[in-house]
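What follows is calculated from the coordinates using simple rules that are stated; it is not laboratory data. Model, not experiment: these values are computed from the prediction. Virtual Cβ from ideal backbone geometry, glycine too; neighbours counted across all protein chains shown.
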Amino acid sequence: MALRKPGLIALFDIDGTLTAPRKTATPEMLSFMKELRKVVSVGVAGGSDLIINDYDYVFSENGLVAHKDGKLIDTRSLKSFLGEEKLKEFINFTLHYIADLDIPIKRGTFIEFRSGMLNVSPIRRNCSQEERDEFEKYIDFGHAVTSPDDTVRQCKALFLSNP
């Protein structure tokens with residue numbers, strides 16, 4: 001086994017790096033990460049709440065909630081940064097936008113509020129894996145739900161213009 005390397009941190013994103021998107025880590029990956037921790041400090045980062053005791057550093061909610069050795073060391077809030085009025089304005093706009101989308105499946109939690117992010121999705125959160133897979137196929141065949149120029153223009157006018 002290699003010698004421990006103090007001062008070195010291996011930092012990994014969760015989705016798409018350590019796991020398939022929205023899936024759990026394989027036993028092989030968990031075993032690898034355990035071995036890696038014997039040599040370097042290991043940190044993981046992701047959008048969701050994470051298991052905080054399995055790694056040296058854990059950054060959840062897109063880095064706004066930080067843990068070291070299983071203990072909370074700092075937290076920030078999107079709500080305190082934006083303020084309730086701007087947050088409400090964005091959520092109202094987003095719900096209206098999703099209501100007008102013509103997509104094959106529309107259900108679940110459209111906006112999930114977390115300390116450090118708003119997870120916006122017309123599907124994927126509270127739906128079955130089969131429904132997620134169908135939506136992924138829809139996106140893969142050229143029907144991606146993206147922000148067209150008009151949406152960008154509206155968002156800029158609503159949220160980025162000076163009062």
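Figures for the structure shown
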| quantity | calculated |
| --- | --- |
| Local net charge near VAL40, Cβ-Cβ under 9 Å (Lys/Arg +1, Asp/Glu -1) | +3 |
| Restraint check, LYS34/LYS106; LYS86/LYS106; LYS5/LYS71; LYS38/LYS79, Cα-Cα greater than 29 Å | LYS34/LYS106; LYS38/LYS79 |
| Cut-off under 5 Å, modelled amide H: who pairs with LEU11 long-range | GLY43 |
| Which of LEU95, LEU8, LEU36 has the fewest Cβ neighbours within 10 Å, and the rest in rising order | LEU8, LEU95, LEU36 |
| Ranked ARG132, ARG76, criterion: other C-beta atoms within 10 Å, fewest first | ARG76, ARG132 |
| Sum of side-chain charges, ILE73 neighbourhood, beta-carbon under 14 Å (Lys, Arg +1; Asp, Glu -1) | -1 |
| Ranked list, fewest to most other Cβ atoms within 10 Å of each Cβ, for HIS96, HIS67 | HIS96, HIS67 |
| Residue-wise HN-Hα coupling along the stretch 6-12, computed from phi with Karplus coefficients 6.51, -1.76, 1.60 (Hz; x: Gly, Pro) | x, x, 10, 10, 9, 10, 10 |
| Length released on extending from THR24 to ASP74, taking residue separation times 0.36 nm less the Cα-Cα span | 15.4 nm |
